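Peer 1: The structure under discussion is supplied below as structure tokens; questions concerning it will follow.
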Ligand code: CP3
């Protein structure tokens, strides 16, 4: 059900008042909107307290905790958007894959997917597999008021990499071996993962999420020609499935400087940029008709404030060459980041951009 006719009241005019949604739609903004990837999580003492004794995947399945943790950064910082507290592997767990999220490691899969029989066992996701998601999103919409909620899913390459490798990988060697050596099996796997991601995103949007982000975090390891033939068609399928809902679609991966144009072509409205490519250069790579999101190096937050301020001002200046700019870090908040630095950064971005 497209959102305009959804149960959450806000008509298109009211929705457009959010600086975040305006920037995503490349419309004039009162100030540059800002949120942070991984704004909820280990950098916050209140997060660590809420999680004591509760494993990550259990926390993701408890609507009371999901609401609390999603709200924590919204309460602490004047961010322009909330991101749903979950993980990219939650829908995989929900369709019966034996996996866990190990602290300090990441997702670990008991039986990696490496042949046709394993690919064929991957079944589609249904809303009934993740009842806690719609419940948590619905509860969040009430709590958030005018602050939009961003729903998210893992991109096809990144999910495939966890499933094939069995855990995190720097080189993605088995993953690429399948991509290069068994292209038909690879396409079948990515097609299934695309359907799962699309369903997971639709569930969030139908429950009230007002934008979505597809995190293909590790796709930067793929060259442009292979991306075009082996990944892009599957990402395109996900974005196309979301088209009728008319919510901004953000696409992000780390180290994707050579892929930025193609990631836009896949159907994103907003292309996320890591810290390696200056935003004015990213504008040229992405081309017209797209907004950009990014891209302060998360490690800058460990430098003295005057350095952070200078770098943030530079990101804002370069961002003004884009048709729309959502300020963010170039990747997630690092766990040892001082939350007060993020609070100060949000205020600086708002003040500096509103003064113009
Ligand atoms: O951004 C947010 O604040 C929302 C929550 C969120 C989490 N994971 C919570 C989480 C989001 C958007 C994700 C997405 C995610 N998960 C991605 C894409 C984003 C990115 O950073 O590139 C990826 C690659 C994963 C897989 C994953 N899950 C990793 C690499 C890790 C970290 C492992 C570690 O401990 O270093 C996880 C676990 C995870 N997901 C945590 C959180 C808060 C840490 C869990 C904990 O508190 O122990």
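The values are calculated or read from the model by the stated rules, or taken from the named source; none is laboratory data. Since the structure is predicted, the reported quantities are computational estimates derived from the model, not experimental observations. Virtual Cβ from ideal backbone geometry, glycine too; neighbours counted across all protein chains shown.
Peer 1: Quick one: in region 105-114, of everything that is more than 6 Å from the ligand (Cβ to nearest atom) and part of a strand (DSSP E or B), which residue is surrounded by the most Cβ atoms within 10 Å (Cβ to Cβ)?
Peer 2: Per the stated criteria, the residue is 109.
Peer 1: If you go through region 257-286 one residue at a time, how many are closer than 22 Å to residue 211 by Cα and in contact with a strand residue (DSSP E or B) (Cβ under 8 Å, 6 or more places away or on another chain)?
Peer 2: Going through region 257-286 one residue at a time, the tally reaches 16.
Peer 1: Considering every residue within region 37-56, establish whether at least one is under 16 Å from residue 163 (Cβ atoms) and either within 12 Å of the ligand (Cβ to nearest atom) or crowded, with 20+ Cβ neighbours inside 10 Å (or both).
Peer 2: Among the residues of region 37-56, not one is under 16 Å from residue 163 (Cβ atoms) and either within 12 Å of the ligand (Cβ to nearest atom) or crowded, with 20+ Cβ neighbours inside 10 Å (or both), which makes the answer no.
Peer 1: When you scan region 144-188, how many residues do you find that are away from the ligand (no atom under 16 Å from the Cβ) and either assigned to a helix (DSSP H, G or I) or under 21 Å from residue 121 (Cα atoms) (or both)?
Peer 2: Counting residues in region 144-188 that are away from the ligand (no atom under 16 Å from the Cβ) and either assigned to a helix (DSSP H, G or I) or under 21 Å from residue 121 (Cα atoms) (or both) gives 15.
Peer 1: Right, something else. Going by what's in this entry, would residue 100 be described as farther than 30 Å from residue 23 by Cβ and in a strand (DSSP E or B)?
Peer 2: So residue 100 passes the test.
Peer 1: From the list 212, 250, 238, 203, which one is outside any helix (DSSP H, G or I) and in contact with a helix residue (DSSP H, G or I) (Cβ under 6 Å, 6 or more places away or on another chain)?
Peer 2: 212
Peer 1: Another question, if that's okay. Among the candidates 171, 175, which residue alone is buried (at least 16 other Cβ atoms within 10 Å of the Cβ), modelled with pLDDT of 95 or more and at negative phi?
Peer 2: Criteria check complete, one pass: 175.
Peer 1: Now for a separate question. Applying the selection to region 319-356, what residues are part of a helix (DSSP H, G or I), farther than 20 Å from residue 82 by Cβ and under 22 Å from the mean Cα position of the chain (by Cα)?
Peer 2: Listed by number, the list holds a single entry, 319.
Peer 1: Restricting to region 69-104, name every residue that is more than 9 Å from the ligand (Cβ to nearest atom) and on the phi > 0 side of the Ramachandran plot.
Peer 2: 96, the sole residue that qualifies.
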